[in-house]
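Okay, so here's the structure we're looking at.
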Amino acid sequence: MRRPLIAGNWKMNLSRTQCVALARQIASGLSDSPAVDVAVFPPAVYLDAVITANTGLKVGAQNVNENADGAFTGEVSCSMLQDLHASAVILGHSERRNLMGETSEQVNRKILAALKAGLTPIVCVGELLEQRQAGQTDQVVLEQCRISLAGLSAEQMQQTVIAYEPVWAIGTGQVATPAQAEEVHASIRQWLAKSFSPTTAAQVRILYGGSVKADNAGELLSQENIDGALVGGASLKAESFLGIIHATKAEKVA
């Protein structure tokens, strides 16, 4: 059985003190041996503070540069994340694709660099509202998968997490219905089986992201192919984030 993962993307929010306090509050709300993996992704400038707080949570970065070093002002390398003892990195988030112009080819280079550095990539894919309305969801999502995950071995793919995040549902309050989300997750898993192997497809965790909250998490996470959530706004408060974690435990572990 795939172990559920709930990841909190804090984006460009909170202060250093607030980040540390939030991580501690989340950690204190977990049981000693939770059946769910929990990871938080604070702003890069606060990574060190959250990691050294020693909460026991997995802590990752929201982005990384694909180059080992060099004249890339303002960027952060995989070795720098290693030096901080970060364990994961979010790559290809829709905000980076659509606001920063990041391509799937660039995402692919970042994934390969992250894997080489021993970081777990959480690779985001998802369609725009007009693409869904045009019936292009599978075409768009699977093309993003094909290019973003090009060149990975089966072993590397098994170390990678995919997050399906319909762009029209991020921060809008709109949520894909459980059936809509499950349909896309199932398509991604079928693609993984064809592109790698059924064994690999069965092991890869696929998260849902898009206005996930405590009151809708249970129904979403009850779906066969949804293995957790990439949470935005609801991860900025311990109470709401813990509610999603507990809903996951109830659905996936009971």
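The values are calculated or read from the model by the stated rules, or taken from the named source; none is laboratory data. As the structure is a computational prediction, the values presented were derived from the model and not from experiment. Quick reminder, even Gly has a Cβ in these numbers, built from the backbone with ideal geometry, and neighbours come from all protein chains shown.
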(message) Going by what's in this entry, would Ala176 be described as farther than 24 Å from Ala134 by Cβ and either small (Gly, Ala, Ser) or touching a residue at least 60 places away in the same chain (Cβ under 8 Å) (or both)?
(response) no
(request) Quickly run through the range 64-102 and pick out the residues that are within 17 Å of Glu143 (Cα to Cα) and either in contact with a helix residue (DSSP H, G or I) (Cβ under 7 Å, 6 or more places away or on another chain) or exposed (fewer than 14 other Cβ atoms within 10 Å of the Cβ) (or both). (result) Leu91, Gly92, Ser94, Asn98, Gly101, Glu102
(request) Mind listing whichever residues of the range 180-201 are without any contact (Cβ under 8 Å) to a residue 24 or more places away in the chain and among the aliphatic types (A, V, I, L, M)? (result) Ala193, Ala201
(message) So Cys19 passes all but one of these: (1) crowded, with 18+ Cβ neighbours inside 10 Å; (2) touching a Cys at 6+ places or on another chain (Cβ under 9 Å). Which condition number does it fail?
(response) (2)
(message) Filter the range 218-236 down to the residues that are without any contact (Cβ under 8 Å) to a residue 60 or more places away in the chain, touching a strand residue (DSSP E or B) at 6+ places or on another chain (Cβ under 9 Å) and not aliphatic (A, V, I, L, M) and list them by number.
(response) Gln223, Asn225
(message) Condition check: of a type outside the set (A, V, I, L, M), surrounded by fewer than 20 Cβ atoms within 10 Å (Cβ to Cβ), on the phi > 0 side of the Ramachandran plot and at pLDDT 95 or above. Does Gly151 satisfy that?
(response) yes
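For every residue, the table says whether it meets (1) modelled with pLDDT under 95; (2) under 27 Å from Glu155 (Cα atoms).
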position	(1), (2)
Thr172	yes, no
Val184	no, yes
Tyr208	no, yes
Ser211	yes, no
Gly218	yes, no
Gln223	no, yes
Ala229	no, yes
Leu242	no, no
Lys252	yes, yes
